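One structure below.
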Amino acid sequence: MKIDASKLFWIRQPENFLITDNKIEIITLPNTDLWQRTYYGFQNDNAPVLQTATTEKYFSFVVKTEFDSKTRFDQCGIVIYLDSENWLKASVEYENNSFQRLGSVVTNYGYSDWATTDIPADIKSVWYRLSRRESDYLIEFSYNGIDFKQMRICHLAKGAQTINFGIYACSPEQSSFKATFTQMEITDCVWKKHQ
């Protein structure tokens, strides 16, 4: 089932964006980010987030991202944003002209973690799949939209009831880029119960 664009809502609407039935574009602003406390000490909570709400306990959400990022930490991907201290995100964060970091952040009660793996800097498109089983979540990625690989399994402390999920894009340093999101759909949960 395709995402109904009329049911999407912004947490911090960006200045420049486009929403059609088949595509969403976000132009990031400098100094925008999502991070809470851990290691760096700072708290950044000003990235634009576009979401929909659900009470469904078991589902999967898929989206294709395309990005022309070229400055350190530029990123776009999927997000569950419950409030400023409870959320998760997955994205590719640009590092330099040699590599980027494919990773995910889970934030519970105001503390973020960051799990990453390095990928080549010339990758400019990634699919993500987020699956929910009550308050537990599986994040996967794919380079072709067919073969998905696990990034992480995680728990959201406040993620058991109604949740908001969708997409985000931001530029933590002095930069701006265009993030494009297509092929957004919700399916039955592909993350099967552990046997």
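Label points 7 Å out from Cα along the Cβ direction at ASN31 and PHE99: separation in nm?
Rounded to a tenth, the inter-label distance reads 3.1 nm.
Hey, with R₀ at 25 Å, roughly what FRET efficiency would ASP118 and LYS70 work out to, going by the Cβ-Cβ distance, to 0.05?
Working from the Cβ atoms, E equals 0.90.
I want to make sure I understand the PRE zone here: with the label point 7 angstrom from the Cα of PHE9 toward its beta carbon, which residues in region 35-61 have backbone N atoms less than 15 Å away?
Under cut-off, by backbone N: 49-55.
Place a +1 charge on the Cβ of each Lys and Arg in region 105-181 and a -1 charge on the Cβ of each Asp and Glu, then give the dipole magnitude about the Cα centre in debye, rounded to the nearest 20.
240
Which distance in nm do the two modelled labels at SER84 and TYR109 give, with both placed 7 Å along the Cα-to-Cβ direction?
Going from the SER84 label point to the TYR109 one covers 1.9 nm.
Taking amide H positions as placed 1.01 Å from N in the peptide plane, with prolines and chain starts having none, which residues 5 or more places from PHE177, or on another chain, fall under 5 Å of its amide H?
Amide H neighbours of PHE177: THR28.
Please label the shape of region 94-187 as rounded, prolate or oblate, based on the square roots a ≥ b ≥ c of the eigenvalues of the alpha-carbon gyration tensor (a/c under 1.5 means rounded; beyond that, a/b larger than b/c means prolate, else oblate).
Prolate is the answer for region 94-187, as a/c is 1.5 or above and a/b outweighs b/c.
Would you be so kind as to identify which of SER84, PRO14, TRP35 lies farthest towards the positive end of the dipole of region 1-123, taking Lys and Arg as +1 and Asp and Glu as -1 on Cβ and the Cα centre as origin?
Checked the options; the winner is SER84.
In a Gaussian network model over the chain where Cα atoms closer than 10 Å are linked, find which of THR107, THR20, THR65 has the largest mean-square fluctuation.
Highest fluctuation among the options: THR20.
Quick check: with the 1.4 Å probe, what order do ILE80, ILE19 take by accessible area, largest first?
Largest accessible area first, the residues go ILE19, ILE80.
From largest accessible area down, sort ILE27, ILE167; use a 1.4 Å probe on the protein chains.
Numbers: ILE27 60, ILE167 0 Å².
Largest to smallest exposure gives the sequence ILE27, ILE167.
Quick one: 3J(HN,Hα) in Hz for region 36-43, Karplus 6.51/-1.76/1.60 with θ = phi - 60°, rounded, Gly and Pro as x.
Taking θ as phi minus 60°, the curve returns 10, 6, 3, 6, 6, x, 7, 10 Hz for region 36-43.
Taking amide H atoms as placed 1.01 Å from N in the peptide plane, list the residues 5 or more away in sequence, or in a different chain, whose amide H sits under 5 Å from that of THR38.
For THR38, the qualifying residues are SER112.
With only Lys, Arg, Asp and Glu charged, each at its Cβ (+1 for the first two, -1 for the last two), find how big the charge dipole of region 1-69 is about the Cα centre; round to the nearest 20 debye.
260
Pick out, in residue order, every one of the chymotrypsin sites (Phe, Trp or Tyr not before Pro) in region 37-127 that is DSSP loop and has at most 12 other C-beta atoms within 10 Å; say none if there are none.
TYR39, TYR40, PHE42, TYR109
Heavy-atom accessible area of LYS178 with all protein chains present, probe 1.4 Å, nearest 10 Å²?
Only protein atoms counted, so the area is about 80 Å².
How large a share of the accessible area of region 27-98, in percent, is made up of carbon and sulfur atoms when the probe is 1.4 Å and the other protein chains stay in place?
Carbon and sulfur: 47 percent of the exposed surface of region 27-98.
Could you size up the charge dipole of the chain around its Cα centre, putting +1 on the beta carbon of Lys and Arg and -1 on that of Asp and Glu, and report it in debye to the nearest 20?
In debye, rounded to 20, the chain gives about 400.
Give the shape of region 1-111 as rounded, prolate or oblate, defined through the alpha-carbon gyration tensor: a ≥ b ≥ c are the square roots of its eigenvalues, a/c under 1.5 means rounded, and otherwise the shape is prolate if a/b is larger than b/c and oblate if not.
Here region 1-111 falls in the oblate category.
Return the inverse of the average 1/r over all pairs of distinct C-alpha atoms in the chain, which is the Kirkwood hydrodynamic radius, in Å to one decimal. Don't jump to the answer; show the numbers that get you there.
Details: mean 1/r = 0.0606 Å⁻¹.
It is 16.5 Å.
Note the full-extension length gain between THR162 and GLN150 as 0.36 nm times their separation in residues minus their Cα-Cα distance, in nm to one decimal.
Stretched out fully, the THR162 to GLN150 stretch lengthens by 1.9 nm.
If you roll a 1.4 Å probe over the heavy atoms of the protein chains, what accessible area per residue do you get for the chain, in Å²?
Heavy-atom accessible area per residue stands at 47 Å².
The values are calculated or read from the model by the stated rules, or taken from the named source; none is laboratory data. From a predicted model like this one, the values you see are computed outputs, not experimental measurements. FYI the Cβ positions are ideal-geometry reconstructions off the backbone, even for glycines, and counts take in every protein chain you see. For the accessible areas, the whole protein counts, side chains as well, though only heavy atoms, and no ligand, DNA or RNA atoms are used. Shrake-Rupley method; radii C 1.70, N 1.55, O 1.52, S 1.80 Å.
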